[in-house]
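Only one structure is covered here, and it is reproduced in the block below.
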Amino acid sequence: MSGAAYWQARDRSRADALKMAGKLSARDKGLAVSSAARGLVDEVRRDQTRQRRFERGFLSLDRPDENGVMWDYGDCGRAMRRMFRDIDAPYRERIRSLRFAAAHDALHGHPELQRTLSAIRRHRRREKIAAALDIPVETYVKRFARICQILGPLLA
């Protein structure tokens, strides 16, 4: 249902309710007015509760926004981005491999730095990298700084 259709249906139902109210007796009109007033008072009281503040924190998807546009129930393009990511995965992996090979070649003549670079690629955390190389973390930090110094122009 589009936003315009929603507002048209709302106006039609309001007009139908007014026609129905015109056919009521005086007693029924009084009951309808008092029940509507009590309903408003109950809603105001409920608006003051913690539960209502909690509920207002959620976006209502069954009503249109202030411009009358109905909410889109889509996945915000996640499926499309996932598809593109899957298509691009071999290309990205190839670029990653080429960049690693270039960095490895730039460290030619420094076998301990080449081993450190390989360990960095295999592991993420500093402690695991140092453990894989069987060196203290301080030594790893020094090697990493030396790698960054040598590869500085390549990383930019």
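Please treat every number below as a calculation from the coordinates, not as lab data. Predicted model, so just to flag it, every value in this text is computed and none were measured. Cβ sites come from the backbone with ideal geometry, for glycine too, and all protein chains shown count toward neighbours.
Tabulated data for the structure shown
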| quantity | calculated |
| --- | --- |
| Point-to-point label distance, Ala32-Leu154, nm (Cα→Cβ direction, 7 Å offset) | 8.2 |
| Highest-MSF residue in the chain out of Gly77, Gly68, Gly57 [GNM, Cα springs under 10 Å] | Gly57 |
| Equivalent ellipsoid, the range 90-155 (semi-axes from 5 times Cα gyration tensor eigenvalues, Å) | 20, 15, 10 |
| Length-normalised contact order for the chain - Cα pairs under 8 Å, 6+ apart - percent | 18 |
| Cα gyration tensor shape of the range 3-56, rounded if a/c is under 1.5, else prolate or oblate by comparing a/b with b/c | oblate |
| Net lengthening on full extension, Cys76/Val141 (0.36 nm per residue, minus Cα-Cα) | 19.2 nm |
| Whether the chain is rounded, prolate or oblate, judged on the alpha carbon gyration tensor where a/c under 1.5 counts as rounded | prolate |
